[in-house]
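A short reminder: the numbers here are calculations on the coordinates, not readings from a lab. Treat the numbers as computed from the prediction; the structure is a model and nothing was measured. FYI the Cβ positions are ideal-geometry reconstructions off the backbone, even for glycines, and counts take in every protein chain you see.
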Amino acid sequence: MPAFEKVNLDGVKNIIVVASGKGGVGKSTVSANLAISLARNGYKTALVDADIFGPSIPKMFGIENANPEVTLLGDKEVMFPVEKFGVKIMSIGFFVKKNQGLIWRGPMAANAIMQLFESTVWGDIDYMVVDFPPGTSDIQLTTVQKLHLAGAIIVTTPQEVAVNDARKAASMFNNPDLKVSILGVVENMAWFTPASHPDEKYFIFGKNGGILLSQELGTKLLGQIPLISEVCECSDNGSSIFNTNNQIVTNAFDKLTDTVVNSI
């Protein structure tokens with residue numbers, strides 16, 4: 001695999017990519033709430049929506065109609081991120097219509113994602129969270145090859161089919177030509193807890209898939225996030241789970257944040 005010259009993002013200290021092998025496991029939910037939790041804990045935080053073909057971060061933050069400022073800085077056109085909940089956010093979703101699908105080949109998408117990174121004025125950032133699309137294609141490969149990454153987080157749900165796909169995503173980072181540290185595994189939708197019975201757990205998607213995957217990869221289980229209705233509701237209406245009264249899920253994300261920071 002050919003070597004690529006690494007790109008330095010001025011002011012950005014740590015870049016964390018959040019990856020999965022398949023869609024529907026809540027990778028964007030983990031990325032968004034990890035970023036919000038980092039900001040709440042006093043870290044200067046950025047979030048890049050790297051899912052070019054299915055950007056969901058603008059919807060989850062309630063900023064679908066935002067228009068990032070674009071201006072000339074010297075002879076270069078630069079963009080300024082949109083900020084909400086203390087997080088600086090950039091997504092291709094800001095530049096296309098909500099119902100418009102991008103019909104791009106892989107190299108075009110890879111170039112677009114690098115433009116989001118390189119042409120955005122980030123300022124000082126302690127942690128940049130990158131929400132990867134599912135799989136191991138051009139966008140992921142270009143990002144891994146061209147940016148200095150602090151590490152990767154693998155997201156899975158407990159069931160075996162999701163774990164199998166997450167295992168494939170992890171294999172990309174373990175490739176000897178890429179050498180990206182896997183910070184650990186997040187098991188999302190680990191169990192269902194009804195609002196009326198917060199002490200109960202129902203393992204509707206299976207049990208301990210994330211634990212077994214982390215052991216197989218020789219890495220940490222960074223956290224287990226329960227399936228709670230408020231998480232879905234907040235994602236749909238652009239609000240933050242940290243503004244709800246559900247301590248179960250907010251504590252889970254704060255614990256995840258502590259573990260990620262300590263891992264780096």
Fill in: Share antiparallel - DSSP beta bridges, the range 12-263, percent rounded to 5
20 percent
Response to the item:
Quick calc: nm separation of the 7 Å Cα→Cβ label points for I264 and D177 -> 2.8 nm
Discussion item. Given an 8 Å cut-off on Cα distances and at least 6 residues of separation, report the relative contact order of the chain as a percent.
Written reply: 25 percent
Worksheet entry | DSSP beta bridge pairing in the range 121-263, given as percent antiparallel to the nearest 5 | 10 percent
Worksheet item: Between the DSSP loop rule and a limit of at most 12 other Cβ atoms within 10 Å, which trypsin sites (Lys or Arg not before Pro) in the range 108-190 are left?
Response: K179
Worksheet, complete the sentence: A convex hull over the alpha carbons of the range 118-163 yields, per residue, a volume in Å³ of 103 Å³
Discussion item. Over the range 39-154, what is the relative contact order in percent, taking alpha-carbon pairs closer than 8 angstrom and at least six residues apart?
Written reply: 37 percent
Discussion item. Which order do the peptides 111-117, 193-199 come out in when sorted by mean C-beta neighbours inside 10 angstrom, highest first?
Written reply: 111-117, 193-199
Worksheet item: So which residue, out of G209, G151, G42, gets the largest mean-square fluctuation from a GNM of the chain using Cα contacts under 10 Å as springs?
Response: G42
Item to complete: Could you list M108, M189 in order of exposure, starting from the residue whose Cβ has the fewest other Cβ atoms within 10 Å?
Response: M108, M189
Discussion item. Quick check on the range 1-126: of the DSSP beta bridges with both residues there, what percent are antiparallel, nearest 5%?
Written reply: 50 percent
Item to complete: For K98, list the aspartates and glutamates whose Cα falls under 13 Å from its own Cα; do not include residues on the same chain fewer than 8 positions away.
Response: E64
Worksheet, complete the sentence: Expected max-MSF residue from I36, I63, I16 in the GNM of the chain (alpha carbon, under 10 Å) is I63
Worksheet item: Cα convex hull of the range 12-263: mean projected area in nm², to one decimal?
Response: 13.4 nm²
Discussion item. Compute, for the chain, the length of the dipole vector about the Cα centre, with Cβ point charges of +1 (Lys, Arg) and -1 (Asp, Glu) only. Units Debye, rounded to 20.
Written reply: 300 debye
Worksheet entry | Two-site FRET efficiency, F203 against F53, from Cβ-Cβ distance with R₀ of 30 Å, rounded to 0.05 | 0.40
Practice prompt. Can you spot the aspartates and glutamates whose alpha carbon is less than 12 Å from K59's alpha carbon? Ignore those fewer than 8 places along the same chain.
Written response: D49, E233, D236
Worksheet item: For the residues E160, E69, E187, E230, what sequence is obtained by ranking on other C-beta atoms within 10 Å, fewest first?
Response: E69, E160, E230, E187
Worksheet item: Order of F203, F95 from fewest to most other C-beta atoms within 10 Å?
Response: F203, F95
Discussion item. Taking every pair of distinct Cα atoms and averaging 1/r, then inverting, what Kirkwood hydrodynamic radius in Å comes out for the range 63-103?
Written reply: 11.6 Å
Worksheet item: How many nm separate the modelled label positions at F192 and I211, each set 7 Å beyond the Cα in the direction of the Cβ?
Response: 2.1 nm
